[in-house]
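What follows is a set of notes on a single structure, which appears directly below.
Rule-based calculations on the coordinates, nothing more; no lab input. If you're wondering where the values come from, they're calculated on a predicted model, not measured in any experiment. Note: ideal-geometry Cβ built from the backbone for every residue, glycine included; neighbour counts use all protein chains shown.
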Amino acid sequence: MNELDRKGFSNVMQLLAATYDKEATMDLMEAYWGALKDLSLDDIKQSASEAMKRLEWMPKPAQLRKLAGDVEPDQRAAIAWQSVRKALSKHGTYKSVDFSDPVVNATIRNMGGWTELGKKDMKDFDVWTRKEFERIYQAIYASGVTEEASAYLVGITEHENRGRYEVKPPVKVQLSLPPPSVKRLSSGAVPKEIAEEIVAKAFALAEET
């Protein structure tokens, strides 16, 4: 949502609050707006409608997100991995690819890129490579992603022919996931502290498994 959706959002929240006999105060409106503004207004309307049908108490923002189809980072990572696996099998590493989830692009770039991913030992691919992917995905999801990191992934053909021949646009890979509610970092090189945060979170996730 953006500022133009404020009125529509307020109308939904007032209706939701009235349904549960709550007062739609400015503080409540701002709290819910801050937690839900990355979703579309249509998503908010749908989740509020579902809440009024199914829930006895006023839903918290996290509940509204779930009703809108939001998925937890660890679940997103597992679903994203299956899409990556399928895309690699279908398109190979000669074609450039662009995943609809920018965190997937950033994760694979962090792992060395699309062509390097294709060179991984297939014996361990669905075990250790998958775990590495899911850990880095969750760490980036939590820390944020830059435009450069989320750019499409260059395949072998484009890498070898760029600047000499016209190259085909990347293959668009659509994931069966809602858009991620990930923080977008400013363009430019990733600050050292952000890079260190991603590494630290990846290690922390590794210790949990």
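So here's what we get for this one:
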| read-out | value |
| --- | --- |
| Euclidean distance of C-alpha centroids, region 1-26 and region 36-113, integer Å | 25 Å |
| Under DSSP loop assignment and at most 11 Cβ neighbours within 10 Å, longest chymotrypsin sites (Phe, Trp or Tyr not before Pro)-free interval of the chain | 58-164 |
| Computed label-point distance, nm, for sites Val127 and Glu30 using a 7 Å Cα→Cβ extension | 5.3 nm |
| Peptide ranges 22-28, 173-179 listed from the most packed, as the mean C-beta count within 10 angstrom indicates | 173-179, 22-28 |
| Cα lying deepest toward the dipole's positive end in region 55-165, options Asn105, Val154, Ile136, charges on Cβ | Val154 |
| Around Ser83: net Lys/Arg minus Asp/Glu count, Cβ-Cβ under 13 Å | +3 |
| Calculated P(r) of the chain - Cα pairs past 22 Å, % | 57 percent |
| Two-site FRET efficiency, Ala142 against Asp21, from Cβ-Cβ distance with R₀ of 41 Å, rounded to 0.05 | 0.70 |
| Length gained when the stretch Thr115-Arg162 is fully extended (0.36 nm per residue, less Cα-Cα span) | 15.4 nm |
